[in-house]
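Take a look at the structure below.
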Amino acid sequence: AGAPVPGVVAAALVGILTCALAARVGFASVAVLAPRRRRTLRRGIALLALLAVAIPASIGVVAATGWGGAPLTATLAHVTDALALVPGGASWAVLVPGSGEDALAWTVAIATLAGLGAIFFALAIRLQRHTPAASAQRDRGRLGWFGLMPGTPGGAIAARSMLYWLHDRRYLTNVVIVPIAAVIVVVPLLVAGVPLGTAILLPVPLIALFLGWLPHDDVAYDSTAVWMHVAAGVPGVSDRVGRLAPLLFVGTPVLAVAVPLAVAVNGDWSLLPALAGVCAGLFFSGLGLSSVSSVIAPYAVTRPGDSPFRQPQRTGSSGLIAQAGVFIGALAASAPALWFAWLTFTGSNEHAMWALLSGVAAGAVVLLVGVGIGSLMFSRRGGRLLEFAETA
């Protein structure tokens, strides 16, 4: 429809090569992670692929039914604009003439293709140099989460953290409170006469903020089990990353579903990138600050086996500082994304992509810096953390 033929051919080739390389990277990742558990991992990948197809399909159905009174063409235009610059869609975005973002789309498309090629090359070298023994792989199949996670210190800590978050009622109580607190915030807004489409946008950023805040005192919840990490000389980065694994595994898909669902109820799809950017900034910033907070400012929490509603006596203000610091820090780091999102909400749709980019960038930077600082502090304060766990 008016696009130059050479550009169409080049974009189609880049798109096909990107899809092919992404598939090869997926298969190679399965082979590297668990050669004898390919069926289980393939089912997991198939489930993720199903979600990746189901979410856009649901968006299309909502658009076709005219949710929110928006015209079909306008709704689809907002959706395509929001997806045009993601790695999987940039190569196809240049096929739309007059978009004004051809150069940026080409940059994202070429960078995605080059990145996938580098990842596939690294995985191929790994497969050639490392061939795990079949007996060892059979034994890993009986280890549950420890068999699914990589055989590294970080993988072992991630597996143990997954068990805690799935079975310890103290962790489960914290997780259940998150959606309840978000819903409670909506009720006063509805009573005050705020439309449902506007009020429904608030709980999703709150869920992202709370999910990032949850591990702010994870070392204290670990109780005396932290001695295993200190005695074994586990690197600080392994401890920090391993403890964040449950929140990343749970929080990312939850937000991936909640964000488009809230926008669908609202009916204005131009808000999708803005809301996604705010949630990414709050979630990842909270995780990064929590990685630091749980090391430098742990406070006494409920002991394993006790009621999750029973709070121990505290003699200092470290608990208040840790909780408030993560909240305020995550909000401060996400302030640009929040501002651009507000401008988008008030009618300036051109700020939506700025909200997305600033939120993702701020969240990624705070997460990386927080994990780095938390790793360094964990290595230096191992003895103090062990003393705290024994006496708290």
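Which pairs turn up if I take residues in the stretch 105-124 that are assigned by TED's automatic domain parsing to the domain that holds Gly26 and look for partners that are in a helix (DSSP H, G or I) and aromatic (Phe, Trp, Tyr) with beta carbon separation below 9 Å, at least 6 apart in sequence or on another chain?
Taking only residues 6 or more apart or on different chains, the pairs are Ala105/Trp92; Ala109/Trp92.
Per-residue answers, yes or no, for (1) at pLDDT below 90; (2) in contact with a Gly (Cβ under 7 Å, 6 or more places away or on another chain); (3) more than 19 Å from Ala256 (Cα to Cα):
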| residue | (1), (2), (3) |
| --- | --- |
| Glu350 | yes, no, yes |
| Ala361 | no, no, no |
| Ile373 | no, no, yes |
| Phe378 | yes, yes, yes |
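Got at least one residue in the stretch 229-238 being crowded, with 24+ Cβ neighbours inside 10 Å, assigned to a helix (DSSP H, G or I) and under 21 Å from the mean Cα position of the chain (by Cα)?
no
Out of Asp168, Asp222, report the one residue that is farther than 22 Å from Val292 by Cα and at pLDDT below 80.
Values: Asp222 fails: farther than 22 Å from Val292 by Cα.
Answer to the check: Asp168.
Between Leu21, Leu47, Leu41, which is part of a helix (DSSP H, G or I) and modelled with pLDDT of 75 or more? Reasoning before the result, please.
Values: Leu47 fails: modelled with pLDDT of 75 or more; Leu41 fails: modelled with pLDDT of 75 or more.
Every option except Leu21 fails the conditions.
Among residues belonging to the stretch 105-127 that are of a type outside the set (A, V, I, L, M) and at pLDDT below 80, point out the one that is farthest from Met353 (Cα to Cα).
Applying the first criterion (of a type outside the set (A, V, I, L, M)) to the stretch 105-127 yields 106-107, 112, 115, 117, 120-121, 126.
Next cut, at pLDDT below 80 only: 106-107, 126.
On the way: Trp106: 17, Thr107: 16, Arg126: 37 Å.
Top of the filtered list is Arg126.
Which of the residues that make up the stretch 239-278 are hydroxyl-bearing (Ser, Thr, Tyr) and surrounded by fewer than 22 Cβ atoms within 10 Å (Cβ to Cβ)? Working first, answer last.
If we filter the stretch 239-278 for residues that are hydroxyl-bearing (Ser, Thr, Tyr), which is where we start, we get 252, 270.
Answer for the stretch 239-278, where residues must be hydroxyl-bearing (Ser, Thr, Tyr) and surrounded by fewer than 22 Cβ atoms within 10 Å (Cβ to Cβ): just Thr252.
Which number in (1) at negative phi; (2) outside any helix (DSSP H, G or I); (3) surrounded by fewer than 20 Cβ atoms within 10 Å (Cβ to Cβ) marks the one condition that Leu201 misses?
Condition not satisfied by Leu201: (3).
The values are calculated or read from the model by the stated rules, or taken from the named source; none is laboratory data. This structure is a prediction, so every number in the text was calculated from the model and none was measured. As a convention, Cβ positions derive from the backbone with ideal geometry for all residues, glycine included, and neighbour counts pool all protein chains shown.
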